């Protein structure tokens, strides 16, 4: 029998089944409960290992730079998900159970994304990650490549903003945290990464990695919709004149402008800095990021008094700075720090 | 929720008839109603927004999946079928 025949027609009691947040939660149950271990068993590592071994060192390095920021990023957001659950259960959001339900699904999904990249990196790409196994919570640091680029700084910032929002933060703090996480990290940095991997897959088709990315980007799409819904709620209250919500749009804009610098730096780090052997094209990546940002900030949120020119200038400044950066020197510094921590952990 | 053949925001290579036939085949294989499959596949692409915004799936055919002919809707249908096995 088709399960949809018994779909309930009306609400389920105290849960508002007409809520967008409920719909997002339900889609997480239907689409987000894929099993990372089963995916790995089903597709297997063999084909990816063969392609990986055929790549030149600079091509492996380009993949390693992309995957570094994905695994450290997924790990960071998995850790911060508990703070999002706290934030959306505050009176600023009317203590809605539907938001909490979705946030709990988000927490599981981010943990699963970390699990997938952990499995993949450990079984296919480990030759490019001699410094990987120390958990950041157990005395480790982010992967030196992540620390060398804007993504590492963005994840550090994310932790601070999410903590401020969850622990007594007001709507302005929440707006900053949600902008950084849902627009900056998930909406532009991660989606830019998907754009890059699509191009890189043409030269280096890593089938299992591509499948994992497809499931992950599907989950992240719901997270972004969730974040934009939260921000729209805050903006609406600001526009209604509720005193505690004044300054929300300004905070969103300031955070978006701050984050585009980190994102642009990361874009250059994974492309131009290493000669872009797998053909992503830094300019195309920047243009795609600008389009994504425009869709969210101007079309969806319709932020008042936001000047696209300021945003593009911040990106251009970051681009200029990135071209002068010596990322290799920073990676070496963090390699050294990592080795010290590893030795200390072994004592 | 958006109907799969009404979704916007990117270029498509398959006709609506081809999409509907592929959805019906998949629904028969999975033992599900075609409408339900269509809804889930649309949600993979648009996360409820009505516009294709799933960069990871919409641009993911990359010439490596000949079965989907680079149409994001067919690629998303493939993702959904695999998801049902996991």
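Here, each number is a calculation from the coordinates, and none is a lab measurement. Keep in mind that this is a model prediction, so the values were computed, not measured. Every residue, glycine as well, gets a Cβ built from its backbone with ideal geometry; the counts of neighbours run over all protein chains shown.
Can you tell me, using C-alpha contacts under 8 Å and at least 6 residues apart, the relative contact order of region A:90-244 as a whole percent?
The value is 23 percent.
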Original post:
GNM on chain A, C-alpha springs below 10 Å: top fluctuator among A:171, A:243, A:144?
Top reply: A:243
Subject >> Using alpha-carbon coordinates, inclination of helix A:191-203 to the longest axis of chain A, degrees >> reply: 40 degrees
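From the square roots a ≥ b ≥ c of the eigenvalues of the alpha-carbon gyration tensor of region B:4-85, which class results: rounded (a/c under 1.5), prolate (a/b over b/c), or oblate? Mind dumping the intermediate values first?
Values: a/c = 1.42, a/b = 1.22, b/c = 1.16.
The shape class here is rounded.
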Original post:
Mind checking which of A:210, A:287, A:180 has the largest fluctuation in a GNM of chain A, springs on alpha carbons under 10 Å?
Top reply: A:287
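Where does each of A:31, A:231 land when they are ranked from fewest to most other beta-carbon atoms within 10 angstrom?
Numbers: A:31 22, A:231 25.
The order, fewest Cβ neighbours first, is A:31, A:231.
Using a 10 Å cut-off around each Cβ, can you sort A:71, A:224 from fewest to most neighbouring Cβ atoms? Write down the numbers at each step before the final one.
On the way: A:71 22, A:224 25.
The most exposed by this proxy come first: A:71, A:224.
Could you grab the relative contact order for chain A? Cα pairs under 8 Å, six or more apart, rounded to a whole percent.
Details: 370 pairs, mean separation 80.7, N = 347.
In percent, rounded to a whole number, it is 23.
Let a ≥ b ≥ c be the square roots of the eigenvalues of the Cα gyration tensor of region A:27-70; is it rounded (a/c under 1.5), or, if not, prolate (a/b larger than b/c) or oblate? List each step's numbers first, then the result.
Working: a/c = 4.69, a/b = 1.75, b/c = 2.68.
Judged from the Cα gyration tensor, region A:27-70 comes out oblate (a/c at least 1.5, b/c at or above a/b).
Normalising by the residue count of chain B, find the relative contact order in percent from Cα pairs under 8 Å and 6+ residues apart. Spell out each step's value before the answer.
Details: 109 pairs, mean separation 28.5, N = 86.
For chain B, the relative contact order is 33 percent.
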**OP:** Mind jotting down a quarter of the surface of the convex hull over the alpha carbons of region A:82-239, in square nanometres, one decimal?
**Re:** 10.1 nm²
**OP:** For region A:61-104, evaluate the Debye formula with one uniform point scatterer on each Cα (no solvent term) and list log10 I(q)/I(0) at q = 0.16, 0.21, 0.29 Å⁻¹, rounded to two decimals.
**Re:** -0.53, -0.67, -0.91
Original post:
Over the C-alpha atoms of region A:217-316, what are the Rg and the largest Cα-to-Cα span, Dmax, in Å?
Top reply: 15.7, 53
**OP:** Grab every C-alpha pair in region A:182-263, bin the distances at 10 angstrom width from 0 up to the longest one, and report whole percents.
**Re:** 17, 36, 27, 14, 6, 1
Original post:
Which residue, A:82, A:14, A:49, tops the fluctuation ranking in a GNM of chain A built on C-alpha contacts under 10 Å?
Top reply: A:14
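Nearest 500 deg cm²/dmol is fine: what mean residue ellipticity at 222 nm does chain A get from its DSSP H runs of n ≥ 4 alone, each adding -39,500 (n - 2.57), divided by its residue count? Could you put the intermediate results ahead of the total?
Numbers: 14 runs with 236 residues, N = 347.
Rounded to the nearest 500, it is -23000 deg cm²/dmol.
Viscosity 1.306 mPa s, temperature 10 °C: give me the Stokes-Einstein translational D for chain A in µm²/s, with Rh taken as the Kirkwood radius over C-alpha pairs. Walk me through the numbers on the way to the answer.
On the way: Rh = 21.0 Å.
So the translational diffusion coefficient is about 75 µm²/s.
Shape verdict for region A:174-230, please, from the Cα gyration tensor: rounded (a/c under 1.5), prolate (a/b greater than b/c) or oblate. Numbers along the way, then the final one.
Values: a/c = 4.16, a/b = 2.31, b/c = 1.80.
It comes out prolate by the Cα gyration axes.
Among A:59, A:50, what is the fewest-to-most ranking by other Cβ atoms within 10 Å?
Working: A:59 17, A:50 11.
The fewest-first ordering by Cβ neighbours comes to A:50, A:59.
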